[in-house]
Structures are given as C-alpha cells and as structure tokens.
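Where a number appears in this text, it was derived from the coordinates with a stated rule and is not lab data. This is a predicted model, so every value here is computed, not measured. Note that we place each Cβ from the backbone using ideal geometry, even for glycine, and neighbour counts take in every protein chain shown.
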Amino acid sequence: MKDESFLQLLKNTAKEQQLLVKEKFIPDQLSDLANFVASHLWQSLLILAFFSTAILNLWKLFVYDY
C-alpha cells in the first residue's frame, strides 16, 4: 500500500514535470540572453544597475533645468 501511493505520487510528479518542459517560460528568441543572465547573475545586475543609473542621470540632466 505504501509503495503504491509512492509510485502514484511519483507518476503524478512526472506528469507535472512533463507539462512544465512543454511550456516555455521564455521564448526561443530570448533563451540565449536568459542563459547568460542565469550563468552570470551578478555581472548582469551590475550592468543593469550601471545603465539604469546612467539613463536616469542623463534624463535628469536634460529634462530638468537646474
């Protein structure tokens, strides 16, 4: 009885994982970028922080006249 319930749970989990494999969270066009971000998380965050700060500072410089 215990083995049967474990096997049933295992089968249900395998079905759920199969559905997750079929559904793509990220389109194929962005998979290379997603792999890079996943592999180099800290570097990606650093680049994102740098560019967002630069854009905000340039926007602040040219939009607001101090």
Inset, instruction - Could you grab me the full set of residues in the range 33-66 that are loosely packed, with under 10 Cβ neighbours inside 10 Å and among the charged types (D, E, K, R)? - result: 65
Inset, instruction - Sort out for me the helices (runs of 4 or more DSSP H) sitting completely within the chain that have 1 or more residues that are in contact with a Phe, Trp or Tyr (Cβ under 9 Å, 6 or more places away or on another chain). - result: 31-39, 41-63
Legend entry - Residue list for the range 1-16, restricted to those being of a type in the set (S, T, N, Q) and exposed (fewer than 10 other Cβ atoms within 10 Å of the Cβ): 5
